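Reviewing the structure listed below.
Only the coordinates and a few stated rules stand behind these numbers; no lab work does. From a predicted model like this one, the values you see are computed outputs, not experimental measurements. Cβ coordinates were reconstructed from backbone atoms using ideal geometry, including for glycine residues, and neighbour counts include every protein chain displayed.
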Amino acid sequence: MLKKAKLLEIFFIVIIALAAYLLHLKQEFYLVHILSLAGIYVLLALGLNMVIGYTGLLDLGFIAFYAIGAYSAALLSSKGFSFWAILPISILITCAFRFLLGKPLMRLRGDYLAIVTLGFGEITRLILNNWDALTNGPKGLPRVGETIRPITLFSFHLNSEISYFYLILFFVAASIFAIRRIERSKIGRAFVAIREDEIAAEAMGINTSYIKLLSFTISAVFAALAGVIYAHWIGFVSPESFSFWESVFLVCMVVLGGMGNILGIIFGVILLVGLPEFLRITLGGEFVLYRMLLFGLLMVIMTILRPQGIIPEKRRALELKD
Amino acid sequence: MANSAIIFPELVNGITLGAIYALISLGYTMVYGVLLMINFAHSEIVMAGAFFGLFLLSFFLKFTFFQNNLLLLLTSVFLLSMCVSGILGAAIERLAYRPLRKTNRLMPLISAIGVSLFLQNLFMLTLSPEAKPYPSVFPAVNFQLGAVTINSIQIFIIIISILFMVALEYFVNRTKLGVAIKATSSDIETAKLMGINTNSIISLVFFIGAALGGVAGILVGMYYGSIKYNMGFTYGIKAFTAAVLGGIGNIPGAMLGGFMLGILESLGAAYISSAYKDVFAFIILILVLIFKPTGLLGERAQDKC
Amino acid sequence: MFFAAENISKNFEGLKVLDHVSLEVGEKEILALIGPNGAGKTTFFNILSGIYTPTEGKIRFKGKSIAGLASYQIAERGIARTFQNLRLFPQMTVLENILSGFFFKTRYGLADALFKTKRFKQEEEKDVREACEISGFIGLKNKENELARNLSYGEQKKLEIARALALDPSLLLLDEPTAGMNHKETENMIDLIRKIREGGIAVILIEHDMKVVMNISDRIIVLDYGETIAEGRPEEIRNNEKVIEAYLGKRT
Amino acid sequence: MNKFLCFLLLIFTGIYLNGCGMKKEAGEGKLVRIALVCPLTGDIAAMGQGMKNAATLAIEEANENKVLNDVRFELLALDDRGDPKEAVNAAYQIASDKAVYGVVGHLNSGCSIPASLVYNRYNIMMISPASTNPKLTLQGFKNVFRICATDDVQGSFAAKFICKNSAIVQVAIIHDKTPYGQGLAEEFKKTFQGLGGKILSFEGINLGDRDFKALLIKIKSLNPGAIYFGGMYQEGGLISRQAKELGLGVPLIGGDGIYTQEYIKIAANASEGDMATMIGTPHEKLPKANDFIEKYKARFPNREMQPYDPYTYDTVNIIIEAIKAAGMDRAKIIEQIRAISYDGVIGTTQFDEKGDTLNKEISCYFVKDGKWLTAQ
């Protein structure tokens, strides 16, 4: 059974890759671009899901770490580092921030934690906007005369839209793979136990503050990954891209799609990123104006009628050993 | 650089700002007291209140009768706008929070964020994405009290806020309904057993909080001169900070927190940096929540687990 | 002594909930903690399991002080508990609930999980095997892959004990294990507790059902208003006037 | 899960077929699209909506006058919400649309710069009517133009104007930290100090702030003769209004970002005497400009003209002009624009090596009785 499911997934990824290639051949760059964008959001949503979906911590400032990833990449790239060198450095930097900022928060109750993370998110944005010496303020990075170097892979320059899409697809697949493994280990079970009942989890010998911090820190890996790719892909970062409502947008994806379920998350992203773009083409620009209104309404309705999301979490049956 | 040309006007500005924060934070603190939830959508009620006030003001100002009678104009604008905001607040509770009362605490918060997103976009789409200028009803007159200059709008805002806060204190402590609110706040189950209709009390709390938030919205419009669909967020988060600073769930605490935050922010903007002025509020919020989550006047030592 | 709590006091906002309560448990002993509602029994459990820190008093377990340790550290040292109102992980399967108790004993890290190392496979396999053993022992065989919330009430109670047993404790704290059970389920539970004791585990239980208490306890301690009012073997407690008064006084 | 994957596949096929459908439409040939990308929603939507009106007007005229036989021009107005990510999305949408031959936009420099990378990759020309960040044209792209002067020209013009025409020697500067606002403010500062004036303070604010009282109290204590503001009308209007309420009755001087009727609406009476610089010759002096205003009023009777409307109008016409000369060839159109000399409503536009306009004339305007009037 397991094998079959895996084959199906690989088959599906290949289909997406092929379809994207067809779009590329037909010069539908916009659709390829939207696919890449959805990929970035999947990375972010996967990271956020680790905190909200598995561990049950509502994080309203997740976008700040995406910003740290993107900014550190832009800074390093203009200093001459290559993408492959930046990737681990940025991830490390982002995780270090996440760890240090997260450490004092682990004692806080859920709703307070949400508000404090919101505060961190806004402080980060204000610092990006005001610390001109480092971040160049609202003017964004790279500065005049600097550029973000293109990504090279085996002396092959990634510069077309489709190559970025493949890069993103690769990282999305790798992330899903890694998250599955974590999910199916004692660490993943500890995350969920904390979400289900923190006091009981602690009574079962789980060091909840430590595990929560672990979840918090691991999630930053995906934020950093998304940030680094974004900076290289778009070639420009500025504070407008990292507002509070962007964090809310992400929370929306996770909640609507299905907390704790990877397929649900992907579905949430498609619903919130892909569908509006799809409708923009078919129904015209007017619809796009109403999308945030609709998402807000959907969030309320879903929490009341179907709090588990469109595709709810499903616990995997373990193979029994008697 | 304790320059009196700066420090006194900044203090007056801080107190005015603080009065507005205090009014808004009452809504957060009362709701938290009763339901232990952060009413994230309260900030949008402030925004909505400001818009209701704007409509009423522009409508009434068409009549010469009101133009000549400032007191009557303000009374009717404030009362009507309070009613509408209050109903909006109670309606949000009824539709978006009440069905979630039995779930874990994050669900109402997520729902509240949804409401917030919805209301902001509703106002943006139906009215305008642009800032709307607020009519100035007051002649800006400066008064000199010793070394302190204070203008008519500032006096008005401070008086109105204090009036409402005193009225609320009186209502909560001295009336039967107020005592019922207090009882519900201290233990909702016991209050139910005592025969209090806790659902109506909760609606009432939302109504009062929202009505005061609506008043604050109008005051913001009057003080700063323009309002906008996304103005609520900043005031909301700062008022929440004020509530936390004073001790969430505690009405006098919210007032104290509001005034402190207003003054801190005003002085911080003047002496440290105006670009970072919003950062101060967030830093206070984070520090208080981490190191003294009970706030300055908070009683709740530990939550029941 | 195997386990000893001395002069435990706890104040909540000036209110004295426990006042110098002491208790000792020997190895493989079953001790019952009884008393009217609000006597402070559950608070006492919360202190023993590290959820609250005592305002005053010492707790020694296997010769070492454990007062002030975090809840998870106490669990690691071998004191497991159940809760008065079920606190399972409802969205997790029965097996996963039991596996959560193996958390600190399972010897692999994040890297092992990511790369599915040999150690990861061995440890996981061992854990699942042991968890299945526990579920068999407790009587939840063939329900391993059901979600905890889909179990019947009685089964959920059992699962909570199974989860506690996964910690491989030498002391088990049971908070009203038979509450809400019918006659037959209660009988089963009594057998189970005896079996657990025979496995070498000491038990402290809070219980309201006097039949159960008299039936299985070696010793009984009676609390009222946060104070110990009586202590002794079941037959001694049965006729203790103070105890009768405390109960009758409450039950008018 | 199988079901879900099938569902995903279905959606994907849907998008795919949809894309094909779009292509067919583009294949008709006679249709020429000119894209306009600017914020149609969000904080500065008023300016974006104005640009859309102006572009609509230009396109309608071109179709009516049959500038090119057998060619129907169409406006493709996209919203970037002032968000760089949305701007890039829009850029790709344009790049995928074979019928688009030119882009007018974007408004914010923060959007123009990342989007220009995309246009450059797909060899589509863009002319920004409003992005003033020098970096835009310093990237070395052959396809990027701008029709407005960079920040430096306006800031120094304002400084010179004040020194020459008023007795103001002390100025406090506020800017909104955007490339535009801070650029203006820095140029003003440099020139003003060079001419012997004194800068009392130089402070940044955040876009979207509405409370400037604390800052203004401090500025008031310094006794400035004027406030120079680098930024847009929303913050500018509030600063002017709040300053006068605090008894700081000095004029506010700003750039083209405050030269709009919205500014006067927000600042109300406080705006009397405030000053703005604007790129281009005052329209009273240009017959074409008056003509444009008449037409605009007739077509959009209830709309106030926004500052970038004349630029947008000219930009669209420049693109049409280039298409007329070069035909339907994206590369040739770019070459054509490099060489163009166009007489429009803002004067004569020609581009230099980098793609910047050579038309650097600036005019000054004052608020009088609730209207912007040309300074004499």
Reachable aspartates and glutamates from C:Lys41, criterion Cα separation under 17 angstrom, eight or more residues apart if same chain: C:Glu6, C:Asp19, C:Glu24, C:Glu56, C:Asp175, C:Glu176, C:Glu207, C:Asp209, C:Asp224, C:Glu227, C:Glu231
Can you pull the mean other chain C-beta count within 10 Å for peptide C:119-125? 2
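How do the peptides A:54-64, D:262-272 rank, highest first, by the average count of neighbouring beta carbon atoms within 10 Å per residue?
My ranking of the peptides, most packed first, is A:54-64, D:262-272.
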So what are the ³J(HN,Hα) numbers for the stretch A:50-55, from phi and the Karplus equation (6.51, -1.76, 1.60; θ = phi - 60°), rounded to whole Hz, Gly and Pro as x? 4, 7, 7, x, 7, 8
Helix B:70-92 against the longest principal axis of chain B: what's the angle in degrees, Cα atoms only, rounded to the nearest 10? 30 degrees
Before anything else, pin down the relative contact order of the stretch B:2-291: Cα pairs under 8 Å, at least 6 apart, normalised by residue count, whole percent. 41 percent
For peptide D:130-141, what's the mean number of Cβ atoms from other chains within 10 Å of each residue's Cβ? 2
Cα-Cα longer than 25 Å, checked against D:Lys190/D:Lys371; D:Lys198/D:Lys220; D:Lys220/D:Lys360, kept in input order, equals D:Lys190/D:Lys371; D:Lys220/D:Lys360
Please work out the C-alpha center-to-center distance from the stretch B:140-179 to the stretch A:190-237 and express it in whole Å. 46 Å
I want to check a number: in chain A, how many lysine pairs have alpha carbons closer than 25 Å, given a sequence separation of 8 or more or different chains? 16
With +1 on each Lys and Arg Cβ and -1 on each Asp and Glu Cβ, and nothing else charged, work out how big the dipole of the protein assembly as shown is about its Cα centre, in Debye to the nearest 20. 1300 debye
With Cα atoms, 0 to 90° folded angle of helix D:309-326 axis to chain D main axis: 40 degrees
Give the longest segment of chain B that steers clear of trypsin sites (Lys or Arg not before Pro) in DSSP loops with at most 15 neighbouring Cβ atoms within 10 Å, not counting the sites themselves. B:103-303
Mind listing the long-range amide H neighbours of C:Leu205? Cut-off is under 5 Å, sequence gap 5 or more, other chains count too, H placed in the peptide plane at 1.01 Å from N. C:Leu31, C:Ala32, C:Leu33, C:Leu174
Computed FRET efficiency, Cβ-Cβ of D:Asn269 and A:Phe170, R0 60 Å: what is it to the nearest 0.05? 0.45
Between B:Glu169 and B:Lys182, what is the label-to-label distance in nm when each label sits 7 Å out along the Cα-to-Cβ direction? 1.3 nm
For D:Gly344, what residues show an amide H to amide H distance below 5 Å, using hydrogens built from the backbone and excluding near sequence neighbours? D:Thr349
Report ³J(HN,Hα) in whole Hz for each residue of the stretch D:111-128, in order, from the Karplus equation J = 6.51 cos²θ - 1.76 cosθ + 1.60 where θ = phi - 60°; Gly and Pro get x. 8, 4, 5, x, 5, 4, 4, 5, 4, 5, 4, 9, 6, 10, 7, 10, 10, 8
What order do you get for C:230-239, C:123-132 when each peptide is scored by the mean count of other beta carbon atoms within 10 Å, highest first? C:123-132, C:230-239
For the stretch D:235-256 and the stretch C:200-252, what is the separation of their Cα centres, given in Å? 79 Å
Relative to the longest principal axis of chain D, what angle (0 to 90°, nearest 10) does the C-alpha long axis of helix D:330-339 take? 30 degrees
Scalar couplings 3J(HN,Hα) for the stretch D:258-274 by Karplus 6.51 cos²θ - 1.76 cosθ + 1.60 (θ = phi - 60°), nearest whole Hz, x for Gly and Pro, are 9, 7, 7, 5, 4, 4, 5, 4, 6, 6, 6, 4, 5, 7, 3, x, 5
Once each part is reduced to its C-alpha centroid, what is the distance from the stretch D:151-205 to the stretch B:25-89 in angstrom? 41 Å
Most exposed to least, judged by fewest other Cβ atoms within 10 Å, B:Leu163, A:Leu263, B:Leu54, D:Leu222 sort to B:Leu163, D:Leu222, A:Leu263, B:Leu54
Count of lysine pairs in the stretch C:157-252 with Cα separation under 29 Å (8 or more residues apart, or interchain): 14
List the residues whose amide H sits under 5 Å from the amide H of D:Arg33, counting only those 5 or more places along or on another chain, with H placed 1.01 Å from N in the peptide plane. D:Glu74, D:Val100, D:Tyr101
Under 26 Å, Cα to Cα: Lys pairs in the stretch B:2-291, sequence gap 8 or more or different chains: 13
Cα lying deepest toward the dipole's positive end in the protein assembly as shown, options D:Gln170, A:Ser36, B:Leu17, charges on Cβ: A:Ser36
Which value, in Å³ per residue, describes the convex hull spanned by the Cα atoms of chain B? 143 Å³
May I ask for the equivalent-ellipsoid semi-axes of chain D, computed as the square root of five times each C-alpha gyration tensor eigenvalue and listed largest first in whole Å? 39, 24, 19
Calculate the tail of P(r) for the stretch A:4-110: the fraction of all Cα-Cα distances greater than 25 Å, expressed in %. 44 percent
Run down the lysines and flag those whose C-alpha is under 16 Å from the C-alpha of D:Lys332, throwing out any fewer than 8 positions away in its chain. D:Lys98, D:Lys142, D:Lys324
Against the globular-protein guess of 2.2 N^0.38 Å, express the Cα radius of gyration of the protein assembly as shown as a ratio, rounded to two decimals. 1.03
Filter the DSSP H helices in chain A by two things, a Kyte-Doolittle mean of at least 1.6 and an axial alpha-carbon span of 24 angstrom or more, and list the hits by number. A:2-25, A:29-49, A:83-102, A:286-305
For the stretch A:62-123, run through the trypsin sites (Lys or Arg not before Pro) and keep only the ones in DSSP coil with at most 11 other Cβ atoms within 10 Å of their Cβ. A:Lys79
